[in-house]
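Since the structure comes first, as structure tokens, the remarks are kept for the end.
The values are calculated or read from the model by the stated rules, or taken from the named source; none is laboratory data. All of these numbers come straight from a predicted model, not from anything done at the bench. Here the Cβ positions follow ideal geometry from the backbone for every residue, glycine too, while neighbour counts run over all protein chains shown. Quick note on the areas: whole protein, heavy atoms, side chains included, nothing else; ligands and nucleic acids left out. Shrake-Rupley method; radii C 1.70, N 1.55, O 1.52, S 1.80 Å.
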Amino acid sequence: MNILNNISTVYFVGIGGIGMSALARFAALKELDVMGYDKTETKLTKKLVVEGITLNYVDAVDQLPLQKISAENTLVVYTPAIPNDSEILNYFINNKYQVIKRSKFLGAVTQDTLCLAVAGTHGKTTTSAILGHLMVACDMPVTAFLGGIAENYHSNFISNGTEITVVEADEFDRSFLTLSPDIACITSMDADHLDIYRNATEIENSFRDFAALVSNSDNLLFKKGLPLKGKDVAIEVEAQYKAENVRIENGAYKFDLKTPTETIDNLVFYLPGHHNLHNAVTALGMALLAGTPVSKIPKALASFKGVERRFSYKINNKNLVLIDDYAHHPTELNALYQAVTEMYPNEKKCIVFQPHLFTRTRDFIDGFAESLAQFDEVYILDIYPAREKPLEGVDSTWLLAEILKRKNDAKAQLITKEEILESIKISALKVNLLVGAGDIGVEVESVTKALAYES
């Protein structure tokens with residue numbers, strides 16, 4: 001791993017990102033001096049500080065520990081989410097530091113390992129978390145870099161050895177093409193990131209390029225129906241890796257896993273939703289290809305607790321259910337609706353949704369409206385801009401109008417973040433969901449505390 005030779009320090013620009021913070025934890029595990037910048041203090045950055053990592057929240061050169069870092073001893077890793085005019089990033093570039101993207105660092109870290117890469121426009125984080133957990137629980141020598149906080153470990157970084165790596169293969173700006181996967185999967189190839197890719201065909205071609213990185217097509221798993229060569233994955237329909245005899249018992253899925261070489265009976269999996277079951281089958285297939293002992297797999301799968309903000313129960317009692325979820329694409333909202341309807345078929349559902357990105361809202365306005373109109377009551381927050389500037393005519397008022405066109409009972413309205421709690425109270429439905437990839441996640445804890453106290 002030549003990229004870390006002759007350096008003592010790694011500085012992460014955008015260290016608070018979920019992927020970046022996992023890499024920072026890896027660098028700290030390697031006993032390097034780890035530092036970083038992010039614009040906002042969060043629960044995650046606070047944990048990094050507790051772990052001994054030095055952080056700064058002001059994008060200014062005078063905040064850098066220049067007495068400790070130099071172009072000779074410091075590697076700089078940055079995320080594409082950092083704006084081009086970042087003062088800190090430009091200082092490093094202009095002063096001849098070795099500056100690389102997060103994806104190149106991840107590629108270097110995994111290059112000399114058995115690399116298991118999880119790709120897809122949806123399902124990456126849950127699939128990689130299941131896979132990482134399966135292998136750790138089966139005592140495989142694995143390090144996993146996750147795009148979410150695994151509930152079993154309260155971390156996005158799991159380390160039980162360095163011979164095997166599990167990584168999320170991010171299609172954003174084609175980052176996944178820097179990886180060298182030995183075993184991989186593609187969970188979905190839906191159109192997304194159309195601010196980066198010109199059209200759906202371009203993103204599909206990018207996934208094909210990723211698939212071609214896997215030298216043995218038997219080691220590429222993909223959702224049945226995708227135009228790829230390898231082994232397909234499905235639920236209750238014919239495929240090389242499939243869940244069959246699926247039933248719900250005691251609040252969990254129970255199923256048999258059929259692979260090209262064997263069948264494992266009566267597996268138990270506790271995450272709701274067919275999309276999560278599909279993720280589990282994919283992860284099981286990858287784990288088996290990597291040599292995970294079959295005898296240990298049932299207990300390992302049954303012990304998986306989930307990922308924060310992926311159908312995460314915040315309250316679950318006879319009077320009130322509050323679920324937190326990261327869904328930010330129509331396909332993900334449809335999967336969420338399927339899961340919550342399967343779990344609560346006789347209850348009405350209330351969703352509070354924060355759209356994420358102006359371009360995504362514009363590109364998928366019809367899909368968002370149709371997905372959200374399935375819920376009984378809908379509350380829409382302003383669009384979370386993330387890295388984007390506003391687009392004329394693209395706002396939550398437009399989305400609301402499209403939802404109302406599709407809802408006969410017209411129970412949908414715009415609210416602010418400050419009105420979330422009161423809106424849920426007024427709704428008075430048992431099943432409530434807080435959904436989105438923006439800062440709605442920050443509101444979850446306060447809403448949970450208030451509702452839990454009253455319920």
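Modelled spin-label separation between ASN56 and LYS229, with each label point placed 7 Å from Cα along the Cα-to-Cβ direction: 5.1 nm.
Here segment 243-293 and segment 423-441 have alpha carbon centers that stand 30 Å from each other. Within a straight-line Cα-Cα reach of under 18 Å, LYS43 can be paired with the following aspartates and glutamates, leaving aside sequence neighbours fewer than 8 residues apart in one chain: GLU51, GLU151, GLU308, ASP324, ASP325, ASP439, GLU443, GLU445. Taken along its three principal axes, the alpha carbon spread of segment 163-302 comes to 45, 31, 24 Å, from the longest extent down to the shortest. Between GLU238 and TYR344, the modelled label-to-label distance comes to 4.0 nm, taking each label 7 Å out from Cα in the direction of the beta carbon. Hey, any idea what % of the chain's accessible area is carbon plus sulfur with a 1.4 Å probe? Carbon and sulfur atoms account for 48 percent of the accessible area of the chain. Between ILE7 and GLU202, full extension at 0.36 nm per residue minus the direct alpha carbon distance yields a gain of 66.4 nm. Please go through the residue pairs LYS229/LYS348; LYS124/LYS417; LYS47/LYS254; LYS231/LYS254; LYS229/LYS405; LYS254/LYS349 and name each one whose alpha carbons sit more than 31 Å apart in this structure. From LYS229/LYS348; LYS124/LYS417; LYS47/LYS254; LYS231/LYS254; LYS229/LYS405; LYS254/LYS349, over 31 Å: LYS229/LYS348; LYS47/LYS254; LYS229/LYS405. Candidate values (i) 65, 54, 45; (ii) 79, 51, 36; (iii) 64, 49, 39 were compared with Cα extents along the principal axes in Å computed on the shown model; the agreeing label is (i). For segment 5-156, the antiparallel share of DSSP beta bridges with both residues in that region comes to about 5%. Size of segment 1-60 from its Cα atoms: along the principal axes, largest to smallest, the extents are 32, 23, 18 Å.
Take segment 155-307 with all the other protein chains still there, run a 1.4 Å probe, and you get 41 Å² of accessible area per residue. What segment 15-88 shows is 49 Å² of accessible area per residue, with the surface traced by a 1.4 Å probe over protein heavy atoms. Between LEU116, MET135, PRO80, the Cα set farthest toward the positive side of the dipole of the chain (charges on each charged residue's Cβ, about the Cα centre) is that of MET135. Counted residue by residue at 0.36 nm each, then reduced by the alpha carbon distance between them, the extension gain from GLN98 to GLU249 reaches 48.9 nm.
At a probe radius of 1.4 angstrom, the accessible area of segment 329-396 per residue rounds to 40 square angstrom. Site pair ARG362 and LEU414 shows an inter-label distance of 1.8 nm when each label is modelled 7 Å from Cα along Cα→Cβ. Among beta bridges from DSSP that stay inside the chain, the antiparallel ones total about 25%. Sparse packing (at most 16 other Cβ atoms within 10 Å of the Cβ) combined with a DSSP loop state is found for the following GluC sites (Glu not before Pro) in segment 333-395: GLU347, GLU388, GLU392.
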